[in-house]
Amino acid sequence: MIRKPVILVVGAGVGGLCAALALRRAGFAAFVIDNQPAAYLRAQRVGVPLWAQALRVLDRLGLGARIRQLALPTLRCEILSARARVGSATGAPAADGRWAPLATMRVEQFSQGCGAEAFVVDRAELEQVLLEALPPHTVVANCKFASMTPPQASGGLTRRVRLEFNDGRATEDVQAALVIGADGKRSVVRSYVKRNAAWRYAGYTHWQGIVDVDPRHHTEDALFPRFVAREVWGAGARFGFMPMSPGRVYWYASVNARRRGEVFLRPFKRVLQERFRDWPHGCTVLLDACSEAAIVRSDAYELAAGADPTLPVVSERIALIGNAAYPATGNLHQQTCMAVEDAFSLAQSIGRYGLKDRTALDVYATARARRTLELASSHARLLARIAQWERPLLVRARDALMTRAARQPALQRLLTRLGAYHAGDLPLSRPARAFALS
């Protein structure tokens with residue numbers, strides 16, 4: 001299958017495909033393996049929010065215009081209360097009967113005033129665009145990463161990786177100049193990186209899905225206004241939705257659960273309908289319209305208290321990207337964006353410094369450490385704790401606080417930092433040709 005030293009990407013999600021594409025554009029022989037069948041890889045349909053920084057990377061890869069054609073732009077984000085009507089913490093209705101947000105943020109705040117740069121796309125469609133941009137046979141499905149040897153066993157320049165095939169074919173060994181772990185929060189590759197880090201269940205569970213709705217619901221005064229993303233906060237739970245295109249809405253929900261896996265076994269739909277039965281803003285409309293098979297569930301994880309916060313993401317001939325490097329809770333909708341950033345930043349470092357030594361990996365790790373730790377850990381965790389409060393007194397205080405916080409400069413600075421990544425060029429320098437495509 002693969003006969004010469006290559007860069008091997010483990011995981012064919014958005015981050016893994018972006019890494020392979022960026023490395024290919026920089027001149028490297030990069031291949032992707034995934035233990036799922038090819039049909040399954042593009043079958044799980046959920047919404048993926050793409051903010052300005054990820055779109056800049058996709059622009060550099062020549063795919064930005066095509067991605068923007070897949071969805072409507074999101075121009076405004078609103079946080080609403082599950083218990084109060086317009087302008088009142090006591091629940092008194094407004095004169096026009098509409099619901100008012102606790103906080104409103106323009107997407108321009110996420111993109112440093114560079115215009116509306118936020119889209120919610122179908123992950124299956126996004127991955128298909130990335131897959132079509134790669135040369136044929138770059139992605140090998142039904143192929144499992146089994147193990148790898150230390151680089152010293154191969155003269156220090158490569159690792160021998162053992163691959164196993166789910167379709168009954170014999171195992172195969174591949175010489176890899178670099179192994180990139182893009183295999184998510186349960187990463188197998190991460191176990192080969194020496195790090196003192198432990199992940200713990202964050203205390204709540206996520207569900208998400210995509211629903212077809214009547215396009216008439218997309219008017220400004222309707223349930224799901226076009227160009228507006230909304231998140232409803234209640235006691236110990238949240239429900240959000242983002243229009244993707246006329247007639248399609250992405251929804252997600254988070255509910256406190258003290259023990260991992262507690263209660264939440266299929267059927268999910270009945271449990272969610274009961275949990276959000278009295279919630280306003282169209283939450284029940286979306287749940288009623290969503291089929292059971294279209295609901296995807298995942299537990300939230302975060303860095304355990306007392307764990308090493310430095311989180312090394314590289315080792316000898318190994319690099320981690322996305323959730324494999326730092327499982328994030330998704331509260332800032334930055335998981336996919338951070339994986340895309342990681343992939344491009346790693347390809348830039350490799351293109352500039354090559355793979356003859358650790359320079360490229362160390363530069364990548366240093367460049368990503370501060371941003372990922374700040375955005376994927378601290379702010380996401382703080383937001384989750386506040387948003388998931390469930391005691392009545394705390395919920396009332398939180399709702400009042402959010403209305404004031406939306407006007408504070410500190411929030412503006414946080415939103416600005418979210419979009420602070422600027423993708424540069426993909427250099428093909430002289431050292432890079434050590435493992436470049438012929």
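Pairing residues of region 235-254 that are free of Cβ contacts under 8 Å to residues at least 24 places away in the same chain with residues that are basic (K, R) and open to solvent by 10 Å² or more (accessible area, probe 1.4 Å), at Cβ distances under 8 Å and at least 6 apart in sequence or on separate chains, gives G240/R230. Out of region 102-120, which residues are surrounded by 22 or more Cβ atoms within 10 Å (Cβ to Cβ) and at pLDDT 75 or above? L102, V107, E117, A118, F119, V120 - these are the residues of region 102-120 that are surrounded by 22 or more Cβ atoms within 10 Å (Cβ to Cβ) and at pLDDT 75 or above. Exactly one residue out of R216, R226, R230, R277 is of a type outside the set (S, T, N, Q) and over 26 Å from A103 (Cβ atoms), and it is R216. Scanning region 216-225 for any residue that is farther than 22 Å from S298 by Cα, open to solvent by 20 Å² or more (accessible area, probe 1.4 Å), modelled with pLDDT of 90 or more and not polar (S, T, N, Q) turns up nothing.
Inside region 36-65, residues that are buried (at least 21 other Cβ atoms within 10 Å of the Cβ), polar (S, T, N, Q) and not in a helix (DSSP H, G or I) make up a count of 0. Of the residues in region 181-197, at least one is of a type outside the set (S, T, N, Q), over 30 Å from P280 (Cβ atoms), in a strand (DSSP E or B) and modelled with pLDDT of 85 or more. Considering region 14-33, the residues that are at pLDDT 95 or above and not in a helix (DSSP H, G or I) include one that is most open to solvent (accessible area, probe 1.4 Å), namely F31. Do we find a residue being open to solvent by 30 Å² or more (accessible area, probe 1.4 Å), more than 30 Å from L70 (Cβ to Cβ), in contact with a Pro (Cβ under 7 Å, 6 or more places away or on another chain) and at pLDDT 85 or above anywhere in region 157-175? So far as region 157-175 goes, yes, one or more of its residues are open to solvent by 30 Å² or more (accessible area, probe 1.4 Å), more than 30 Å from L70 (Cβ to Cβ), in contact with a Pro (Cβ under 7 Å, 6 or more places away or on another chain) and at pLDDT 85 or above. Across region 289-312, the qualifying residues are those that are buried (at least 21 other Cβ atoms within 10 Å of the Cβ) and either outside any loop (DSSP other than H, G, I, E, B) or within 17 Å of the chain's Cα centre (by Cα) (or both), and the one among them that is modelled with the lowest pLDDT is L303.
Would you confirm, using the coordinates I've provided, whether R275 is out of contact with any Leu (no Cβ under 7 Å at 6 or more places or on another chain), modelled with pLDDT of 90 or more, open to solvent by 30 Å² or more (accessible area, probe 1.4 Å) and farther than 25 Å from H217 by Cα? It is false that R275 is out of contact with any Leu (no Cβ under 7 Å at 6 or more places or on another chain), modelled with pLDDT of 90 or more, open to solvent by 30 Å² or more (accessible area, probe 1.4 Å) and farther than 25 Å from H217 by Cα.
The values are calculated or read from the model by the stated rules, or taken from the named source; none is laboratory data. Model, not experiment: these values are computed from the prediction. In this analysis, Cβ positions are derived from the backbone assuming ideal geometry, glycine residues included, and neighbour counts consider all displayed protein chains. Just so you know, the surface numbers come from the protein's heavy atoms only, side chains and all, with ligands and any DNA or RNA stripped out. Shrake-Rupley method; radii C 1.70, N 1.55, O 1.52, S 1.80 Å.
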